[in-house]
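We did not get these values from a lab; they are worked out from the coordinates using the rules stated. Source: prediction; values computed, not measured. When we count neighbours, we look across all protein chains shown, and the Cβ atoms used for this are built from the backbone with ideal geometry, even at glycine.
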């Protein structure tokens, strides 16, 4: 038997659970936060980022943006990326990362989606 699901109802249920988890985390001194790291000014990436930030705001999750010019050197980007990652992980201790990020990881996160937790705490 097929069940037709109401997308809005499912989203509302999931959002409620996330809000509850965020509230519980805050009781333990943990402030969930998402960092958006963008290189360049691609309009699709900017639109996605704005929409995602609004969704996170509704869930009471803090966001922060880090934007870099498209001509940033790999060395400069990776240095800053590691700083961002270190600050994001458990209040700056950087303990959540199981391996070192590389420039390729940072530039191609879709290939390394299992590291997104590491990148954003």
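Out of all the residues in the stretch 56-72, which are out of contact with any helix residue (DSSP H, G or I) (no Cβ under 9 Å at 6 or more places or on another chain) and part of a loop (DSSP other than H, G, I, E, B)?
Those that are out of contact with any helix residue (DSSP H, G or I) (no Cβ under 9 Å at 6 or more places or on another chain) and part of a loop (DSSP other than H, G, I, E, B): 69, 70, 71.
Hey, can you tell me all the residues within the stretch 24-55 that are in contact with a strand residue (DSSP E or B) (Cβ under 9 Å, 6 or more places away or on another chain), assigned to a loop (DSSP other than H, G, I, E, B) and within 21 Å of residue 77 (Cα to Cα)?
Listed by number, the residues that qualify are 40, 41.
Identify, by number, the condition in (1) under 14 Å from the mean Cα position of the chain (by Cα); (2) without any contact (Cβ under 8 Å) to a residue 40 or more places away in the chain; (3) surrounded by 13 or more Cβ atoms within 10 Å (Cβ to Cβ); (4) part of a helix (DSSP H, G or I) that residue 80 doesn't meet.
Only one criterion in (1) under 14 Å from the mean Cα position of the chain (by Cα); (2) without any contact (Cβ under 8 Å) to a residue 40 or more places away in the chain; (3) surrounded by 13 or more Cβ atoms within 10 Å (Cβ to Cβ); (4) part of a helix (DSSP H, G or I) is unmet by residue 80, namely (1).
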